[in-house]
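The values are calculated or read from the model by the stated rules, or taken from the named source; none is laboratory data. These numbers come from a predicted model, not from an experiment. Methodologically, a virtual Cβ is constructed for each residue, glycine included, from the backbone with ideal geometry; neighbour enumeration extends over all protein chains shown.
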Protein chains: 2
Amino acid sequence: MQSISEQCAREVLEVVPLVMRVIRSQFRKYGAPELSVPQFRTLHFLSQHRGASLSEVAEYIGLMLPSMSALIDGLVTRNFAVRRTSPNDRRRMTLTLTERGQATLRSARKATQTYLAEELNRLTQADRATIIKAMQALRPIFTEKAT
Amino acid sequence: MQSISEQCAREVLEVVPLVMRVIRSQFRKYGAPELSVPQFRTLHFLSQHRGASLSEVAEYIGLMLPSMSALIDGLVTRNFAVRRTSPNDRRRMTLTLTERGQATLRSARKATQTYLAEELNRLTQADRATIIKAMQALRPIFTEKAT
DNA sequence: TATTGTTATACTCTATAACTATA
DNA sequence: TATAGTTATAGAGTATAACAATA
């Protein structure tokens, strides 16, 4: 039935931005106030793609190379990431997180997750189970498009 | 059981940003490429709060007054919104959407919703029902915090 | 020549400080 | 005096164009 898809889409379109707004504000508050959102996303990407090149990160984040170069400068200067020239191809940059970068990512994530867990605790057990199932259904659809 | 809340929080924290990313890119692509995200959120707020003042919008969007004043300038110049001095209190600005502003909001919303519905159509009917229930459970928790 | 990244420069968005108009 | 908003100005973050180094 098409109309169920429509209703489902409408709900997702209304509720997901609300949830995202809270996630974002928590991230800022307890996570890493000294990092911009794109910088934070970059840390996240690098944590899952050790040694990625500047171009690869830029494509994922959606920035042009000069902008990403500047963004990485900021991370390197403040010791969140390390930038080395690749031994294989000396044009490429090899980007990795420092221990500080990893720790920042972990703690921001943990703080937000704890906050969410407290909020979700106000629901019934059945509702939480439903939410878990819903997220598991949504994940594969939206994972493809997010690289 | 606390651990179910934890698991639920983890799922939400991983999946919601993925969905949001797709929503945002669709909004940009088919909705209103000529509007920034804060401008778009402003249209949305004004559609639900006709005649809001500059201060009210600024607080909701999270901008300082001069920044919001400039943002509104952009909307007014391009005929998305109208700014009048309030008759009651001539210090206040009364902000409303133009027909163009309303139409832009509707069409962006519709385009995104249609896209989402197509994607959700790939799931089973049961999954879609689960998602609807999950969104309905999440909505009240996160609505409070989003004004 | 083609690819990877940086430097130079300009524009947009945001903030703080100072100001104007109204209450 | 206090409040609502604007103007002046400066700092981030982003883009395009031109360049340097490597393949």
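For the stretch B:81-133, the set of residues classified as within 14 Å of chain A (Cβ to nearest Cβ), touching a Ser or Thr at 6+ places or on another chain (Cβ under 8 Å) and part of a helix (DSSP H, G or I) consists of B:Leu105, B:Ala117, B:Glu118, B:Leu120, B:Arg128, B:Thr130, B:Lys133, listed by residue number.
Among the candidates B:Ala70, B:Ala58, the residue that is loosely packed, with under 13 Cβ neighbours inside 10 Å, more than 9 Å from chain A (Cβ to nearest Cβ) and more than 19 Å from B:Ile23 (Cα to Cα) is uniquely B:Ala70. Within the stretch A:77-108, being near DNA strand C (Cβ under 9 Å from one of its atoms) and surrounded by 14 or more Cβ atoms within 10 Å (Cβ to Cβ) holds for A:Arg83, A:Arg92, A:Met93, A:Thr94, A:Leu95. Taken over the stretch B:42-55, the criterion of being under 22 Å from A:Leu18 (Cβ atoms) and part of a helix (DSSP H, G or I) is satisfied by B:Thr42, B:Leu43, B:His44, B:Phe45, B:Leu46, B:Ser47, B:Gln48. Yes or no: A:Ser53 closer than 24 Å to B:Gly31 by Cβ and polar (S, T, N, Q)? No, not satisfied.
Return yes when A:Thr112 is of a type in the set (Ser, Thr, Tyr) and modelled with pLDDT under 95 and no when it is not. Yes.
For B:Leu43, the conditions (1) closer than 30 Å to B:Glu119 by Cα; (2) modelled with pLDDT of 95 or more; (3) surrounded by fewer than 17 Cβ atoms within 10 Å (Cβ to Cβ) are fulfilled apart from (3).
A search for C-beta distances below 6 Å between a residue of the stretch B:53-81 that is farther than 12 Å from B:Thr42 by Cβ and any residue that is more than 8 Å from DNA strand D (Cβ to nearest atom) and among the basic types (Lys, Arg), counting only pairs 6+ apart in sequence or on different chains, returns B:Asn79/B:Arg100.
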